[in-house]
Amino acid sequence: MSDDAQPPPFVYEGLDPAPEPKSTVEEVSEAVKGTVRHMSDAIDAGRKPGMPLSILSNIAREAPLGSLLVAFLLGIAVARRR
């Protein structure tokens, strides 16, 4: 046996560099992108057949003037409460 044994190398030396700090603009941009992605996924899920957005779009397609009247009356009702 030899007394010339070398110490083992550091496990993380050069393998896991420290992450670069992100600017505030990049963090906000990533947050907005994540929110948009989440909202578009929710809208897509709501447009599947039998879901509420699908039903509403079918009603609006079949009776556009009636749907417009209902939306107008709901808008008035909500605006008067405030």
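No lab work stands behind these numbers, since they all come straight from the coordinates. Remember, it's a predicted structure, so these values are computed and weren't measured experimentally. Note that each Cβ is placed from the backbone with ideal geometry, even for glycine, and that neighbours are counted across all protein chains shown.
Would you mind getting me the FRET efficiency between GLU26 and ASP4? Use the beta-carbon distance for r and R0 = 41 Å, nearest 0.05. Step by step, r from the Cβ atoms, then E = 0.25.
Each label was represented as a point 7 Å from its Cα along the Cα-to-Cβ direction; for LEU53 and MET39 these points are 1.1 nm apart. Available extension along the chain between ARG61 and ARG81 is 4.3 nm, counting 0.36 nm per residue and deducting the alpha carbon span. Applying the Karplus relation 6.51 cos²θ - 1.76 cosθ + 1.60 with θ = phi - 60° to segment 30-36 yields 3J(HN,Hα) values of 5, 5, 5, 4, x, 5, 4 Hz, where x marks Gly and Pro.
Using the Karplus relation 6.51 cos²θ - 1.76 cosθ + 1.60 with θ = phi - 60°, the per-residue 3J(HN,Hα) values for segment 47-61 come to 8, 5, x, x, 8, x, 5, 5, 5, 5, 5, 5, 5, 5, 5 Hz, with x marking Gly and Pro.
Dimensions of segment 30-82 from C-alpha coordinates, computed as largest minus smallest value along each principal axis and given longest first, are 38, 32, 13 Å.
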